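Engineer: What follows is a structure written as structure tokens; I'll ask about it next.
Any read-out appearing in this document is the output of simple, stated calculations on the displayed coordinates, not a laboratory observation. The shown structure was predicted, so the numbers you read here are calculated from the model rather than taken from an experiment. Cβ atoms come from the backbone with ideal geometry, glycine included; neighbour counts cover every protein chain shown.
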């Protein structure tokens, strides 16, 4: 299974930075797309559906104070790692597993961690199955 990670709140100057992470499992949720292509109402409906149907989901938060202290790049890494840590705990509790991580974007915010080797950026995730990392559970 795949753990998908994307920024939730990066545009706000004064607010927290938030990273969302989800393992859909076998859930088939119609209408999932880039959030910028969706209306606010559709995003809210999909949020509910994802939380109800996904094998595991989590949000990694970095407060405005932490963001000011460590900067955007480090805050993105920290929020991603917090979200993944929560996902791992939820997966262990529920018996769910993931063996690949896809982060939307071009930067691997899990670089330097044991999960780095199973992490792909969205642009790289279109590789053939034979080229992907697989067969190992990281949850």
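Engineer: Rounded, prolate or oblate: which fits the stretch 70-111 when a ≥ b ≥ c are the square roots of the eigenvalues of the alpha-carbon gyration tensor, with rounded for a/c under 1.5 and prolate only if a/b beats b/c?
Structural biologist: Details: a/c = 4.05, a/b = 1.78, b/c = 2.28.
Note, shape of the stretch 70-111 comes out oblate.
Engineer: Now for a different question. Sorted by packing (mean other beta-carbon atoms within 10 Å per residue), highest first, where do 49-58, 22-31 land?
Structural biologist: So the order, starting with the most tightly packed, is 49-58, 22-31.
Engineer: Then there is this: Residue separation times 0.36 nm, minus the C-alpha to C-alpha distance between residue 63 and residue 116: what's the value? It would help to have the intermediate numbers written out before the result.
Structural biologist: Working: separation 53, 0.36 × 53 = 19.08 nm, distance 2.46 nm.
Using 0.36 nm per residue and subtracting the Cα-Cα distance, I get 16.6 nm.
Engineer: Indicate the gyration tensor shape class of the stretch 14-107 (rounded, prolate or oblate), computed on the Cα atoms with a ≥ b ≥ c the square roots of the eigenvalues: a/c under 1.5 is rounded; otherwise a/b larger than b/c is prolate and the rest oblate. Before the final figure, lay out each step's value.
Structural biologist: Numbers: a/c = 2.01, a/b = 1.28, b/c = 1.57.
Oblate, since a/c reaches 1.5 and b/c is not below a/b.
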